[in-house]
Amino acid sequence: MARLPIKYFPDPILRAPTNKVSAFNATLHTLLDNMYETMVHADGLGLAAPQVGRSERLAIIDVTIEYMQKPLITSLSGHSAEAHIHEGRLELINPHITSKSQRVASSEEGCLSIPSYRDSIKRHENIAVQAQDRHGREFSLEAVELLSFALQHEIDHLDGVLFVDHLSRLKKVLFKKWCIKNEFGLEP
Ligand code: CO
């Protein structure tokens, strides 16, 4: 495994659309393994492909941390639920949200691509997602609370959306000031 360089705001790759993955081969597995090592080293709980400069529609989430709720997985390909979790990691290839609760909740978020900036945003409390695992096998999952927020955060990345996009207008102004002060630069 190798660590990949993380792309930081305002790198335009973070805004680029991602492409559907169709080859579930060793190249894909290496990318997923390298992303995992990168995420663990950076002390993150999720990482999406654009954050390492890639355009594949995929993201990973660490579901081994104790305060992370476990996903309720339903296999759509005749496997056991556990078969879709790779060594404690939730790997989401071509994920999309299939339903979300009306109810929203606030939580404090951060992002490896905007290090040391944290803010509270609102997200759907519960969601359902459909995705494929590293072998291309379809599954669906239901998630609540922290895992639900993490999934929404990572799937947003795959659509070029960052958590700061969900800030109020006032907080966006404060975020811009923070970027200038911390020498991140601004998006054009
Ligand atoms: Co992020």
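Readers should treat all values here as calculations from the given coordinates under stated rules, not as data from a laboratory. Note that the structure is a prediction, hence the values are computed from the model and not measured. Neighbour counts are summed over all protein chains in view; Cβ atoms, including those assigned to glycine, are modelled from backbone coordinates with ideal geometry.
Values for this structure:
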{"item": "Gain in span if fully extended, E145 to D43, counting 0.36 nm per residue against the direct Cα distance", "result": "34.7 nm"}
{"item": "Hz values of 3J(HN,Hα) by residue in segment 10-15 - Karplus curve (6.51, -1.76, 1.60), Gly and Pro given as x", "result": "x, 4, x, 4, 5, 9"}
{"item": "Residue-wise HN-Hα coupling along segment 92-103, computed from phi with Karplus coefficients 6.51, -1.76, 1.60 (Hz; x: Gly, Pro)", "result": "10, 9, 6, x, 8, 7, 9, 7, 9, 6, 5, 5"}
{"item": "In range of the label at L170: residues from segment 101-118 whose backbone nitrogen is under 19 Å from the point 7 Å along Cα→Cβ", "result": "106-109, 118"}
{"item": "Other-chain or far-sequence residues with amide H under 5 Å of T98's (modelled H)", "result": "A128, V129, Q130"}
{"item": "Sparse-neighbourhood loop sites, GluC sites (Glu not before Pro) in segment 18-67 - DSSP loop, at most 13 other Cβ within 10 angstrom", "result": "E66"}
{"item": "Partners for K100 among lysines (Cα-Cα distance below 19 Å; same-chain residues under 8 apart left out)", "result": "K70, K122"}
{"item": "Residue-wise HN-Hα coupling along segment 133-142, computed from phi with Karplus coefficients 6.51, -1.76, 1.60 (Hz; x: Gly, Pro)", "result": "8, 5, 9, x, 7, 6, 8, 10, 8, 10"}
